[in-house]
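Below you'll find the structure, written out as structure tokens, and then a few comments.
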Amino acid sequence: QLDTLHGVYLPCLQSILGVILFLRLTHITSQSGTIFTTLIILASTTSTLLTWSSLSAIVTNGQIDSSSGPYYILSRTLGADIGCSLATLYYLGNTLSGSMFALGAVEALQHSVRAYYARWGYGFSGHLFRWDQQVMSAVVVVSMAGCVHFGAGWASLFSNLFLAVTMTSIVCMCVGCLLFALDLSDGNLQPYDRAYFDSLWPRFEPDPYTGTTPDIFTCLALIYPCVTGILSGMSRATHLARPERSIPRGMFMAIVTSSSIYLMVCWLFGLCISNRTLKVDKFVTASVSYPHELIVRVGVVVSCLGLILGCMSTAPNLIASMSSDEVIPFLGFLKPPSADGSGRETVPKRALWFTALLVGLPTLGGNLDKVSPYATIFYLLMYAGLNMSTCVSGYVKPPGWRPTFRYSHWSVSFVGFAWCL
């Protein structure tokens, strides 16, 4: 029986602190400015907090049974049709997040190879051939799916280790940036890269890698998937000693902690590193890290692999549960054999490889900037639908709606619905 820390807080924190923090947040800060990036983070966090209130009301509405997960909690409270619709949106957003993690791992590796070759005096771009990023991302996805196929317990067994690697990388890059700001260590940057208050206001310019000029909404679409990992705490509802108490508290603490980290990185890097450096070096978090850049470079790759493992472990169970309820008829082929009474299957293998296919297809875009906006759309639709369903239930007050969460109200859910729109 897990407590709030290990059952909800740490899984949510691991899902939220992803690849965008290391590879895109500093670049977004250079484009939209420190002040507007702060507003983007606060706007995204506000929608998550409002949705957290609705989720807490759903979780505390009755007793959670032994088969509970994100889909069962939603469908048994809001109805099978609504629950399946919301779970489908969450599943699609989750698979797109897996695509982002795979692309992020490959991009971090390519940035590292390019940086070392440049330091040695060679002009290597980091690309082996034209479609190498797509091929490498597909290999990563298939490899992680194979790990889950042959060892489903690996992801949960090493989840705390992956989070420890992520937190170590965050500490190293923040300490390195602070020492760089104080002129105590340059890392792998140059003294002319130090420029105070150079990225305070927006300065939208073409991306040096893609050639596209972003705007405030493009930056929002890139950041928003970072704050959508709060449902990870519901995946372990059956292992919690007191889920109706642990899930609301754990999700809230994860939201506050992750938002504080994002704001800290935004201001720390945006106020002391030149705007041009933040635009050109998308992996500046590794270039400035202390005591050594390899800690962050390797840590980001390991962290992304751990997040893909988590995605491959939870998403197949989600869609297998929906297929078992037979609400969506064409998903019947994903129904686990154990649901038919033909045996016991610990891993829904057909759902696993179906999920791997959906995770692998978006990686053909070759850049996580192209995947992130679609993940944002699915998550916003899911959050909007969840808030609206909770608003209607709270306003009508049917006999089956009796949440014990004291901070929920139908008006709060309506504001969350409008905010997501």
> Are there any pairs with C-beta distances below 6 angstrom linking a residue in the stretch 323-338 that is at negative phi and basic (Lys, Arg) to a residue that is in a loop (DSSP other than H, G, I, E, B) and at pLDDT 80 or above, with the two at least 6 apart or on different chains, and if so which?
Replying inline: none
> Would a scan of the stretch 396-409 turn up a residue that is at pLDDT 85 or above and in a helix (DSSP H, G or I)?
Replying inline: yes
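Which of the residues spanning the stretch 6-21 are assigned to a helix (DSSP H, G or I) and at pLDDT 85 or above?
First, the residues of the stretch 6-21 that are assigned to a helix (DSSP H, G or I): 6-16, 19-21.
Those that are assigned to a helix (DSSP H, G or I) and at pLDDT 85 or above: Val8, Tyr9, Leu10, Pro11, Cys12, Leu13, Gln14, Ser15, Ile16, Val19, Ile20, Leu21.
So for the stretch 212-219 (the condition being in contact with a helix residue (DSSP H, G or I) (Cβ under 7 Å, 6 or more places away or on another chain) and assigned to a helix (DSSP H, G or I)), does at least one residue qualify?
Checked the stretch 212-219: at least one residue is in contact with a helix residue (DSSP H, G or I) (Cβ under 7 Å, 6 or more places away or on another chain) and assigned to a helix (DSSP H, G or I).
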> Given Thr238, Thr166, Thr228, which one is among the polar types (S, T, N, Q), under 30 Å from His6 (Cα atoms), open to solvent by less than 70 Å² (accessible area, probe 1.4 Å) and out of contact with any Ser or Thr (no Cβ under 6 Å at 6 or more places or on another chain)?
Replying inline: Thr228
> If we scan the stretch 69-84, do we find a residue that is under 20 Å from Gly416 (Cβ atoms), in contact with a Lys or Arg (Cβ under 9 Å, 6 or more places away or on another chain) and modelled with pLDDT under 90?
Replying inline: yes
> If you take the residues of the stretch 318-327 that are open to solvent by 20 Å² or more (accessible area, probe 1.4 Å) and at pLDDT 80 or above, which of them is farthest from Ala356 (Cα to Cα)?
Replying inline: Ser324
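May I ask you to say which residue of Ser32, Ser75 is in contact with a Cys (Cβ under 7 Å, 6 or more places away or on another chain), in a helix (DSSP H, G or I), surrounded by fewer than 24 Cβ atoms within 10 Å (Cβ to Cβ) and small (Gly, Ala, Ser)?
Values: Ser32 fails: surrounded by fewer than 24 Cβ atoms within 10 Å (Cβ to Cβ).
Exactly one of Ser32, Ser75 is in contact with a Cys (Cβ under 7 Å, 6 or more places away or on another chain), in a helix (DSSP H, G or I), surrounded by fewer than 24 Cβ atoms within 10 Å (Cβ to Cβ) and small (Gly, Ala, Ser), namely Ser75.
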> Within the stretch 191-204, can one find any residue that is open to solvent by 60 Å² or more (accessible area, probe 1.4 Å) and not in a loop (DSSP other than H, G, I, E, B)?
Replying inline: yes
> Pairs, please: C-beta under 7 Å, at least 6 apart or cross-chain, first residue without any contact (Cβ under 8 Å) to a residue 24 or more places away in the chain and in the stretch 373-402, second aromatic (Phe, Trp, Tyr) and open to solvent by 20 Å² or more (accessible area, probe 1.4 Å)?
Replying inline: Tyr395/Trp410
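Condition (residue is among the hydroxyl-bearing types (Ser, Thr, Tyr), open to solvent by less than 20 Å² (accessible area, probe 1.4 Å) and in contact with an Asp or Glu (Cβ under 9 Å, 6 or more places away or on another chain)) applied to the stretch 335-350: is it met by at least one residue?
no
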>> Only one of Leu421, Leu380, Leu331 is at pLDDT below 90 and under 21 Å from Leu50 (Cα atoms). Can you tell me which?
In response: Leu421
>> Looking only at the stretch 241-272, filter to residues that are closer than 28 Å to Pro373 by Cα and open to solvent by 50 Å² or more (accessible area, probe 1.4 Å); which one of those is farthest from the chain's Cα centre (by Cα)?
In response: Trp267
> Hey, Asn61 hits all of (1) buried (at least 22 other Cβ atoms within 10 Å of the Cβ); (2) part of a helix (DSSP H, G or I); (3) at pLDDT below 90 but one; which does it fall short on?
Replying inline: (2)
> Which one of Phe158, Phe180 is open to solvent by less than 40 Å² (accessible area, probe 1.4 Å) and touching a residue at least 60 places away in the same chain (Cβ under 8 Å)?
Replying inline: Phe180
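Might you let me know whether the stretch 148-157 holds any residue that is at pLDDT 90 or above, within 30 Å of Pro11 (Cβ to Cβ) and more than 18 Å from the chain's Cα centre (by Cα)?
Taking the stretch 148-157 as the starting set, the residues that turn out to be at pLDDT 90 or above are none.
There is no residue in the stretch 148-157 that is at pLDDT 90 or above, within 30 Å of Pro11 (Cβ to Cβ) and more than 18 Å from the chain's Cα centre (by Cα).
The values are calculated or read from the model by the stated rules, or taken from the named source; none is laboratory data. Note that this is a predicted model, so its numbers are computed, not measured. Here Cβ is always computed from backbone atoms with ideal geometry, including for glycine, and neighbour counts include all displayed protein chains. The protein model used for the area step is the full one, side chains on, heavy atoms only, and it has no ligands, DNA or RNA in it. Shrake-Rupley method; radii C 1.70, N 1.55, O 1.52, S 1.80 Å.
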